[in-house]
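Asks: Just passing along the structure, written as structure tokens.
Derivation of every value follows stated rules applied to the coordinates shown; laboratory data play no part. Remember, it's a predicted structure, so these values are computed and weren't measured experimentally. FYI the Cβ positions are ideal-geometry reconstructions off the backbone, even for glycines, and counts take in every protein chain you see.
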Amino acid sequence: MRNIFFLLFIVIPALEIVVLVLSGKAIGIWPTFALIVVTGMIGAFLAKKQGLHTLQRVKYEFMNGRIPSDALLDGVCILVGGTLLLTPGFITDTTGFILLLPFAREKIKPWLVRLFKRMFYTKTWIYIRK
């Protein structure tokens, strides 16, 4: 778990800075700035649109007496993807756009199920069993 936090808070931001500096040198400061702003705006729009659609799916599933597990996993992906798109940087933007693509989420959701099962059924997250 410590390695994941090291990656998230040290390595990825450092790589983002390197990519932004290289981008600034290659295409200029203002085009780089414009790309960051535009991807943030597009990301907010897509996350809002897909998030509202997913909320409707969750509501529909509940109204029909089903547990909306697939829709909730989509919601997690959309939330993380939208957050990454609002974070300045090309690496996080690319990851965020991937999480907003429905066909990519279908590949990611089985991995998320395994991760959640591991988190909730082992001592690494919360001790549930008596």
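Asks: What is the magnitude of the charge dipole of the chain about its Cα centre, with +1 placed on the Cβ of each Lys and Arg, -1 on the Cβ of each Asp and Glu, and no other charges, expressed in debye to the nearest 20?
Replies: 700 debye
Asks: Then there's this: GNM on the chain, C-alpha springs below 10 Å: top fluctuator among Leu72, Leu85, Leu100?
Replies: Leu72
Asks: Below 8 Å between Cα atoms, with a sequence gap of 6+, how large is the relative contact order for segment 37-121 in percent?
Replies: In percent, rounded to a whole number, it is 30.
Asks: First select every other residue whose beta carbon is under 12 angstrom from the beta carbon of Gln50; then total the charges, Lys and Arg +1, Asp and Glu -1.
Replies: Here the count lands on +3.
Asks: Charges on Cβ only, +1 for Lys and Arg, -1 for Asp and Glu, centred on the Cα centroid of the chain; of Ile17, Thr83, Phe116, which one is farthest towards the dipole's positive end?
Replies: With unit charges placed on the Cβ atoms, the residue in question is Phe116.
Asks: Moving to a separate point now. Run through segment 44-84 and list the trypsin sites (Lys or Arg not before Pro) located in a DSSP loop whose Cβ has at most 16 other Cβ atoms within 10 Å.
Replies: For trypsin sites (Lys or Arg not before Pro) across segment 44-84 that sit outside H, G, I, E and B with at most 16 neighbouring Cβ atoms in 10 Å, the list reads Arg66.
Asks: Within segment 34-130, list the chymotrypsin sites (Phe, Trp or Tyr not before Pro) lying in a DSSP loop whose Cβ has at most 15 other Cβ atoms in a 10 Å radius. Write down the numbers at each step before the final one.
Replies: Details: sites: Phe45, Tyr60, Phe62, Phe90, Phe97, Phe103, Trp111, Phe116, Phe120, Tyr121, Trp125, Tyr127; in loops: Trp125, Tyr127.
The qualifying sites are Trp125, Tyr127.
Asks: Binned at 10 Å from 0, what are the whole-percent values of the Cα-Cα distance distribution for segment 14-73, short to long?
Replies: Per 10 Å bin, starting at zero, the Cα-Cα P(r) for segment 14-73 comes out as 21, 28, 19, 18, 12, 2 percent.
Asks: Per-residue HN-Hα couplings for segment 68-73, Karplus 6.51 cos²θ - 1.76 cosθ + 1.60 at θ = phi - 60°, whole Hz, x for Gly and Pro?
Replies: x, 5, 5, 5, 5, 5
Asks: GNM, the chain, Cα, under 10 Å: largest mean-square fluctuation among Gly24, Gly40, Gly65?
Replies: Gly65
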